[in-house]
1. Would you confirm whether any residue within the range 51-61 is under 13 Å from the mean Cα position of the chain (by Cα) and basic (Lys, Arg)?
2. Among the candidates 112, 101, 80, which residue alone is of a type outside the set (A, V, I, L, M, F, W, C), more than 13 Å from residue 19 (Cα to Cα) and touching a residue at least 24 places away in the same chain (Cβ under 8 Å)?
3. Would you point out which residue out of 53, 74 is in contact (Cβ under 8 Å) with a residue 24 or more places away in the chain, within 17 Å of residue 30 (Cβ to Cβ) and surrounded by 15 or more Cβ atoms within 10 Å (Cβ to Cβ)?
Amino acid sequence: MSNQDIDHHIGRLLKKDPRYTPQAYHFVSEAVNYTVSKLEAHRHVSAFELLKGVKSLAASKFGVVSALVLESWGLSTAHDVGQVVYLLISEGVLSASEDDDIRDFDIEFSFDMV
C-alpha cells in the first residue's frame, strides 16, 4: 500500500475517531513492518511482540524522550496501540489473524526507556 493510500485511510480514521494523531497511525503501521522485519520468517506478530517493536523503534528514532513522543500522539498505553492497530485493520491497512483479539493489548507495558 502506498503512502498516499495510507494517508487516505488515516484521513478517514481521523474523521471517525480523532483520539490519535496522524503520526500515531503512521508510526504504528511502521512499527508493524519494523517488527516483522526483525523476525526470522515472515508471520503475524503477537500483541506483546508488536509492543516491544513499538518501544524499540521509538527508542531508535527518539531516544530517551521516546515515551513522551508517543504520549504526545495519544499512545500512552498498550491499549492505545491496540486501538490504533484495530482501527488500521478496520480500514484494511493492517490485517489480523483469526487468533488475534484487541484484548491482547490489555496488558501492562511501559514505553519508558529505563
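1. Within the range 51-61, the first condition is being under 13 Å from the mean Cα position of the chain (by Cα), and the residues that meet it are 51-58.
In the following step, the residues that additionally are basic (Lys, Arg) were identified as 52, 55.
There is at least one residue in the range 51-61 that is under 13 Å from the mean Cα position of the chain (by Cα) and basic (Lys, Arg).
2. Working: 101 fails: touching a residue at least 24 places away in the same chain (Cβ under 8 Å); 80 fails: more than 13 Å from residue 19 (Cα to Cα).
Residue meeting the stated conditions: 112.
3. Numbers: 53 fails: in contact (Cβ under 8 Å) with a residue 24 or more places away in the chain.
None of the other options fit; the residue is 74.
Readers should treat all values here as calculations from the given coordinates under stated rules, not as data from a laboratory. Note that the structure is a prediction, hence the values are computed from the model and not measured. Every residue, glycine as well, gets a Cβ built from its backbone with ideal geometry; the counts of neighbours run over all protein chains shown.
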